[in-house]
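Heads up: the structure comes next, in structure tokens.
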Amino acid sequence: MGSCYLQTRDLSVGYHKEPVLQNVTMEVGRGEILTLIGPNGAGKSTLLKSIAGQLKPLAGGIYLDGRELSGWDRQELARCMAVVFTDRMHTELMTCKDVVAGGRYPYTGRFGILSDQDRSIVSDSMKKTHVSEIRDRDFNKISDGQRQRVLLARALCQQPGIILLDEPVSHLDIRYQLEFLSMLQRLVKESGMSVIMSLHELELAQRVSDRILCIGNGTAERFDIPQKIFSDGYISGLFRIETGSFDEENGVAELEKAAGPPRVFVLAGSGSGRDTYHRLQREGIPFATGILYTHDLDYPVAKALAAEVVSLPSGDAMSGIQLEEAKKLVDECERVIVCRDRFGPWEKINGELLAYIRKKEDRKYLENFHG
Amino acid sequence: MQDRKDKTAPVNKGGKNSDNRITRDIICFVILGVLVLALLVCNLGLGSVKIPVRAVLGSIGIGSAEVSDTARGILWQIRMPRALAAFLLGGALGLAGYLLQTFFHNPIAGPFVLGISSGAKLAVALVMVFFLGGGIRVSSWGMILAALAGSLFVMGFVLVMSRHVSNMAMLIVSGVMIGYICSAITDLVVTFAQDADIVNLHNWSKGSFSGITWENVAVMAAVTVVSLAWAVCMAKPVGAYLMGEVYAASVGVSVRRLRVLLVLLSSILAACITAFAGPVSFVGIAVPHLVKKLFGTAEPLVMIPACFMGGSVFCLFCDLLARTLFAPTELSISTVTAVFGAPVVIVIMLNRRKERG
């Protein structure tokens, strides 16, 4: 508990006495990133607003640095906690630097005039988030990616112990997403501050978070390290994925597979079949594929999209059992697509399967090597 | 990690840039100050009786020009209180407009369009008719209190409306409607009040700076100066509030308290204006925008005093025209302010559309 900076105990949050989330118990240590994941409307933003002190908790407690949040004075709290929320910031005739300087509010005097020290903190914060170059640009005329970094600089200006971010990368393209989260990760490591943020980008959440809080079904379903959360099909359950699939181990999201018995057999492996699987899915043709080791690059996609997969665990030797199974499927299908014709010594059986396919002259087959 | 696009942006040294800004602020304040003084002198000198500038200055103790008793009487009893009223109430209007625009995050808010002035007018008319009918004179403070009650009543209505309509155009329309209702009732009250004293109400209910006494000036000076000082002290939280309530709260602003103060302060200002000059249109909307354009900043610490001075300039100028254009016939002040203020509102709306693309 020594390093715990913010925690909640049996917290219930919501609007107008209607709880959105109940019994949330979690904690985040100094220098840790905690990520909230969960379906739309599950209450991630509501939880963040409550932790920020902008929404009164309905029950339970929030403790910042060991003290109940309601016992904090506004100004004192503003010096310990900063936010980057999804609410649009309204500015008029304000440069990026003016917006960042707004973060000094809890430190300036009655009229909000910046001291030299304030000014140097403002320029330091802008350097840290790489926005010094645009300091004199109008805040309304910069890109989404720049805007998020300016808001982060503003939050840093408050010299907080913890920053709350609500979907900070949702409107950014992949380059800015990676840039923003890398920046955040570095700042956390350098300064030892804590971060609580919500993310919709699951694969990024899995990588950036020290711990993950899963919000669903009106409560914090799980609170654990990413490895534990992203396993055993839990994510599909959390988001109630009904059409398509999400493979947590590999971070692979696939659309709904074509229904019905397989009409095409795809001979694939070593990543040669993925494009073909996707093409068949787009055309709505159910297919079977094999013979794949479960560690094969093709396997996660095959598992998500194929009607049948002939597979075996890695480490086992391919044998006649898989061959017979595959031959049966080849016989049942109208067509065969061959994605590769060279096989390593550990998958000679696939070579035998190819020979079998080529021998069946009554059947059209397509050789579809890379490209 | 550096953004390549960013590098094309002009790079200024931070210090130099903020120096430029302060210089511009000072220049603009000096311009406004000179305009206020020049217009005050014009207002004192011009009218159906022309009084030369030297005589005007002489009568207030600057220089040693001879001043006739008639001129002295006109200056001290009529023009000076009137000019000071235009100065103080104009400032109050500019400031009230700025505070309301801040509160509603709405660029075309103002005491007149939201119906607050009309509410104050109705309350004052009712009180005056009631007391004058009973032969009792109403003091300046009594008028302000009545006006405050009226403006708070309408403000309450507008606040309830603002909770139900998220569209800011609808908010303005509802404000204009309640303004019309209040004006209609006022007209009814004034029309059916036969008393000769009350006939004067007719001028007032259209908006005019005429008939202001020194006692009125003292009271309005007290109210507006205190309100201005109060507003200046609120500049810091107002600046944070302008960016959005969530962000204001996150840096430690008590948003609820600030909102109450904004409502209260703008209602007091609107009440003060209406109690003495009746409803004056468009100053509250137009001045903050003109001032913002002039200064090139929306920083409240600058905007608050600047809107006050801008309102003063606007009203002194408009009152000068109202008195002199068709002298000896006097125009109502709103006639003149509308001519100059309404185009500003139209430009604002066109610009907003452009910004939204």
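The values are calculated or read from the model by the stated rules, or taken from the named source; none is laboratory data. Not measured: the values here are computed from a predicted model. All Cβ positions, glycine included, derive from the backbone under ideal geometry; neighbour counts span all protein chains shown.
Key figures
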quantity: Flag if B:Leu294 is within 14 Å of chain A (Cβ to nearest Cβ), hydrophobic (A, V, I, L, M, F, W, C), over 26 Å from B:Leu44 (Cα atoms) and touching a residue at least 12 places away in the same chain (Cβ under 8 Å); calculated: yes
quantity: Residue within region A:23-30 that is surrounded by fewer than 23 Cβ atoms within 10 Å (Cβ to Cβ), part of a loop (DSSP other than H, G, I, E, B), touching a Phe, Trp or Tyr at 6+ places or on another chain (Cβ under 6 Å) and in contact (Cβ under 8 Å) with a residue 12 or more places away in the chain present; calculated: yes
quantity: Qualifying residue in region A:136-143 (condition: in contact with a strand residue (DSSP E or B) (Cβ under 6 Å, 6 or more places away or on another chain), within 13 Å of chain B (Cβ to nearest Cβ) and not in a helix (DSSP H, G or I)); calculated: yes
quantity: First in region A:279-296 and closer than 26 Å to A:Gly351 by Cβ and free of Cβ contacts under 8 Å to residues at least 60 places away in the same chain, second anywhere and surrounded by 15 or more Cβ atoms within 10 Å (Cβ to Cβ) and of a type in the set (Phe, Trp, Tyr), Cβ under 8 Å, 6 or more apart; calculated: A:Leu280/A:Phe287; A:Phe287/A:Phe265; A:Phe287/A:Tyr277; A:Ala288/A:Phe265; A:Thr289/A:Phe265; A:Thr289/A:Tyr277; A:Leu292/A:Tyr299; A:Tyr293/A:Tyr299
quantity: Listing of helices (runs of 4 or more DSSP H) fully contained in region B:1-115 that carry 2 or more residues being within 14 Å of chain A (Cβ to nearest Cβ) and at pLDDT below 90; calculated: B:14-45, B:80-104
quantity: Among the candidates B:Val302, B:Val287, residue that is within 14 Å of chain A (Cβ to nearest Cβ), crowded, with 18+ Cβ neighbours inside 10 Å and in contact (Cβ under 8 Å) with a residue 12 or more places away in the chain; calculated: B:Val302
quantity: Residues of region A:275-291 satisfying the condition of being crowded, with 19+ Cβ neighbours inside 10 Å and either under 28 Å from the mean Cα position of the chain (by Cα) or of a type in the set (Val, Ile, Thr) (or both); calculated: A:Thr276, A:Tyr277, A:Leu280, A:Gln281, A:Thr289, A:Ile291
quantity: Region A:223-238, residues that are at pLDDT 90 or above and assigned to a loop (DSSP other than H, G, I, E, B); calculated: A:Ile225
quantity: All positions within region B:103-129 that are surrounded by 24 or more Cβ atoms within 10 Å (Cβ to Cβ) and not hydrophobic (A, V, I, L, M, F, W, C); calculated: B:Gly110, B:Pro111, B:Gly115, B:Ser117, B:Ser118, B:Gly119, B:Lys121
quantity: Residue list for region B:321-331, filter: within 24 Å of B:Pro288 (Cβ to Cβ) and surrounded by 21 or more Cβ atoms within 10 Å (Cβ to Cβ); calculated: B:Ala322
quantity: Residue check for A:Val188: within 23 Å of A:Glu32 (Cβ to Cβ), modelled with pLDDT under 95, in contact with a Leu (Cβ under 7 Å, 6 or more places away or on another chain) and among the hydrophobic types (A, V, I, L, M, F, W, C); calculated: no
quantity: Some residue of region B:231-239 being modelled with pLDDT of 90 or more and at positive phi; calculated: no
quantity: Selection count where residues are basic (Lys, Arg) and more than 18 Å from A:Asp224 (Cα to Cα), scope region A:22-65; calculated: 2
quantity: Of all residues in region A:139-177 being loosely packed, with under 15 Cβ neighbours inside 10 Å and within 15 Å of the chain's Cα centre (by Cα), the one that is modelled with the lowest pLDDT; calculated: A:His171
quantity: Test: residue in region A:155-166 that is farther than 26 Å from B:Asn20 by Cβ, in a helix (DSSP H, G or I) and not aliphatic (A, V, I, L, M); calculated: no
quantity: Only listed residue being facing another protein chain (nearest Cβ under 8 Å), more than 11 Å from A:Val100 (Cβ to Cβ) and not charged (D, E, K, R), chosen from A:Gln146, A:Gln177, A:Gln158; calculated: A:Gln146
quantity: Region A:72-128, residues that are facing another protein chain (nearest Cβ under 7 Å), of a type in the set (Phe, Trp, Tyr) and crowded, with 19+ Cβ neighbours inside 10 Å; calculated: A:Phe85, A:Tyr105
quantity: Any hit, region B:159-167, residues being assigned to a loop (DSSP other than H, G, I, E, B) and of a type in the set (S, T, N, Q); calculated: yes
quantity: Condition check for A:Leu58: more than 9 Å from every other protein chain (Cβ to nearest Cβ), closer than 18 Å to A:Ile215 by Cα and crowded, with 21+ Cβ neighbours inside 10 Å; calculated: no
quantity: Residues of region B:237-254 that turn out to be at the interface with chain A (Cβ under 7 Å from one of its Cβ atoms), in a helix (DSSP H, G or I) and free of Cβ contacts under 8 Å to residues at least 60 places away in the same chain, as a count; calculated: 5
